[in-house]
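What follows is one structure encoded as structure tokens, with my remarks underneath.
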């Protein structure tokens, strides 16, 4: 059986390349460790309050700097992290520590939360299910929360935040009436809720695989089980530290987080626990399916061996009779009889029939 596992080796090779890019560099060196997924870094700005709303894209990030002093809430979204100059400019303007910028560009970070008094730094992982390749993809999203600004850093275009943008544009919900901490909450909540969509699809794949496993398991089924198990491992690696980060964020006493928002953060924490429980349940199911597959293959082999053994057992006495009458001795009494041949065939048939009846009585058939 030839099983291929291309992705783990690709992931390991990618990690090695990332390590080589940063090897020997001093702390705080800005090196983007991911793959360039967009041709050009896009910078979008949302500025809003209870009474006004503005949205635009900018070419030069420096044009957004006056917004950090305004009383309105500003959402600055960066798509594409390969432009080191833009990252340095943002870091200098908002007073972001070089080590934080380094963590933003190192896209293999664990989800985490850090409070720097003047701003809050959050790293999250969002999952996407590639339907064409039937593959699970992970993207790192970093958040910087300041007094009146939220900055999100993404590797590629297309995200789980479009519903939030529509609510802000159309004045639905309470986002326009709340501060930056509430905006950070709804962004985190959107990321956590996206896991439920992924888990729902993986659950459907698991149920389909269970039916296939019972009906007709084959080598392709085994490869599907391994892919599903690998996806569960990736999700678990992303969700477990996410629980710790959101839990620490909910307990933080930073002046940037209002007490009214802490209630919502605790709700997100509960959602994270639900995601972890679902991931663990699916992971146990997939592990159990691997055992079922091995048992099914073993049972199928046993059935084949049983049939072959019965056939061989039936032919043992028939071969003995054929061997006796095939010795061609001159003085064998049955050789002169005209009905010896049909009698021998009838006898052999009766022996085979008796053995089949015996096997049926013993429930071997």
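The values are calculated or read from the model by the stated rules, or taken from the named source; none is laboratory data. The structure displayed is predicted, hence computed values, not measured ones. For neighbour counting, all protein chains shown are included, and Cβ atoms are generated from backbone atoms with ideal geometry for every residue, glycine included.
Taking the condition of being within 18 Å of residue 270 (Cβ to Cβ) and either in contact with a helix residue (DSSP H, G or I) (Cβ under 7 Å, 6 or more places away or on another chain) or not in a helix (DSSP H, G or I) (or both), how many residues in the range 170-192 meet it?
Qualifying residue count, the range 170-192: 8.
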>> For the list (1) surrounded by fewer than 14 Cβ atoms within 10 Å (Cβ to Cβ); (2) in contact with a helix residue (DSSP H, G or I) (Cβ under 9 Å, 6 or more places away or on another chain); (3) in contact (Cβ under 8 Å) with a residue 12 or more places away in the chain, I need the number of the one condition that residue 282 fails.
In response: (1)
>> Of the residues 282, 321, only one is at pLDDT 80 or above and either farther than 30 Å from residue 226 by Cα or not assigned by TED's automatic domain parsing to the domain that holds residue 187 (or both); which?
In response: 321
> What tally of residues in the range 129-153 results from selecting those that are modelled with pLDDT of 90 or more and either under 24 Å from residue 69 (Cα atoms) or surrounded by fewer than 20 Cβ atoms within 10 Å (Cβ to Cβ) (or both)?
Replying inline: 10
>> Considering only the range 82-97, I want to know if a residue exists there that is in contact with a helix residue (DSSP H, G or I) (Cβ under 7 Å, 6 or more places away or on another chain), modelled with pLDDT of 85 or more, closer than 26 Å to residue 241 by Cα and outside any loop (DSSP other than H, G, I, E, B).
In response: yes
> Among the residues of the range 319-336, which ones are over 59 Å from the mean Cα position of the chain (by Cα) and surrounded by 10 or more Cβ atoms within 10 Å (Cβ to Cβ)?
Replying inline: 320, 321, 322, 324, 325, 332, 334, 335
> With respect to the numbered conditions (1) over 30 Å from residue 247 (Cβ atoms); (2) in the same structural domain as residue 195 (by TED's automatic domain parsing); (3) without any contact (Cβ under 8 Å) to a residue 60 or more places away in the chain, which one is the sole condition not fulfilled by residue 302?
Replying inline: (2)
>> Residues to consider are 265, 356; find the one that is under 30 Å from residue 236 (Cα atoms), outside any loop (DSSP other than H, G, I, E, B) and either modelled with pLDDT of 80 or more or over 43 Å from the mean Cα position of the chain (by Cα) (or both).
In response: 265
>> For the list (1) closer than 29 Å to residue 254 by Cβ; (2) surrounded by fewer than 18 Cβ atoms within 10 Å (Cβ to Cβ); (3) in contact (Cβ under 8 Å) with a residue 40 or more places away in the chain; (4) over 17 Å from the mean Cα position of the chain (by Cα), I need the number of the one condition that residue 185 fails.
In response: (2)
> In the range 141-169, what residues are within 28 Å of residue 201 (Cβ to Cβ), in contact (Cβ under 8 Å) with a residue 40 or more places away in the chain and assigned to a strand (DSSP E or B)?
Replying inline: 141, 143, 152, 153, 154
> Which of (1) modelled with pLDDT of 55 or more; (2) out of contact with any helix residue (DSSP H, G or I) (no Cβ under 6 Å at 6 or more places or on another chain); (3) surrounded by 14 or more Cβ atoms within 10 Å (Cβ to Cβ); (4) closer than 25 Å to residue 96 by Cβ does residue 26 not meet, given it meets every other one?
Replying inline: (3)
>> Based on this model, can you work out whether residue 103 counts as under 25 Å from residue 229 (Cα atoms) and out of contact with any helix residue (DSSP H, G or I) (no Cβ under 7 Å at 6 or more places or on another chain)?
In response: no
> Here are some conditions: (1) out of contact with any helix residue (DSSP H, G or I) (no Cβ under 6 Å at 6 or more places or on another chain); (2) in a loop (DSSP other than H, G, I, E, B); (3) in contact (Cβ under 8 Å) with a residue 12 or more places away in the chain. Residue 253 meets all but one. Which one does it not meet?
Replying inline: (3)
